[in-house]
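Visitor: The structure's right below; bear with me while I get my questions together.
Please treat every number below as a calculation from the coordinates, not as lab data. Because the structure is predicted, anything quoted here is derived from the model rather than measured. Cβ coordinates were reconstructed from backbone atoms using ideal geometry, including for glycine residues, and neighbour counts include every protein chain displayed.
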Amino acid sequence: MYKRRTFAAGFFILTAITLLLFTSCNKSGSGILERSPDINVPFGAEAKMQAGELEFEGNLKRSAAGIWSMEITSPETLAGLNISYDDGSGVKAVLDGLELDVPTENIRDGAVFSLIFKAIDCAASAGELSCTSTEDGNVYTGEFSGGTYKLTFDPKSSALTRIEIPTKEIVGEFTGFSIIKGDVQPPEETTVTQPSEETTVIIPG
């Protein structure tokens, strides 16, 4: 039974990597130039993505430019799959204790995850983008190595709510968008013993 489960878990990891990293979805508005909301920061959100016929959901996290992670929650066959993406070193996929590493050079340019992450990173560093106000929010448009992208932001909260990469048939919805602030470390405790007294003084470091 254990061997069967291990084989099944390994099969799902390989399937996930094939779909998300090696599958390309190729299918080949005007506005004023405006400063886009600042997303060049660590943030998290729940994401629902569709790339062609491929659909998946999960918890997405951007730690820094080119460094991302996502825990897949749907579909059921991929639930629990954790993806760690580093633009410089590659991708690590973990499911049921099994790990699979994919070096950067083996990730196709049209890989779904890579396109989504690079588009957002490109927008984050762009500063000013072409902006159009729509019923869904403020849509910022730009270009990156994978083509063109559209990012929609809530006009009141400036939260990222949607991404589109039209040339690759990629559409994503974001909910629960929030900036991740660094953990505040408590001050270090330094013990100083005065030579003339046997008392201990705690000094915030």
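Visitor: Determine the gain in length on full extension of the stretch Ser133-Glu105; use 0.36 nm per residue of separation and subtract their C-alpha separation, reporting nm with one decimal. If you can, show how the numbers build up before the last one.
Guide: Values: separation 28, 0.36 × 28 = 10.08 nm, distance 3.86 nm.
Fully extending the segment from Ser133 to Glu105 adds 6.2 nm.
Visitor: Sum up the charges of everything whose Cβ sits under 14 Å from the Cβ of Glu173, counting Lys and Arg as +1 and Asp and Glu as -1, but leave Glu173 out. Each step should come with its number before you reach the end.
Guide: On the way: positive: Lys48, Lys150, Arg162; negative: Glu46, Glu55, Glu57, Asp136, Asp154, Glu164.
Once all neighbours under 14 Å are counted, the net charge is -3.
Visitor: From the square roots a ≥ b ≥ c of the eigenvalues of the alpha-carbon gyration tensor of the range 35-108, which class results: rounded (a/c under 1.5), prolate (a/b over b/c), or oblate?
Guide: Details: a/c = 1.71, a/b = 1.20, b/c = 1.43.
Here the range 35-108 falls in the oblate category.
Visitor: Residue by residue, what Karplus-based ³J(HN,Hα) values in Hz, rounded to whole numbers, does the range 83-90 have, using 6.51, -1.76 and 1.60 with θ = phi - 60° and x for Gly and Pro?
Guide: Couplings: 10, 10, 10, 10, 4, x, 10, x Hz.
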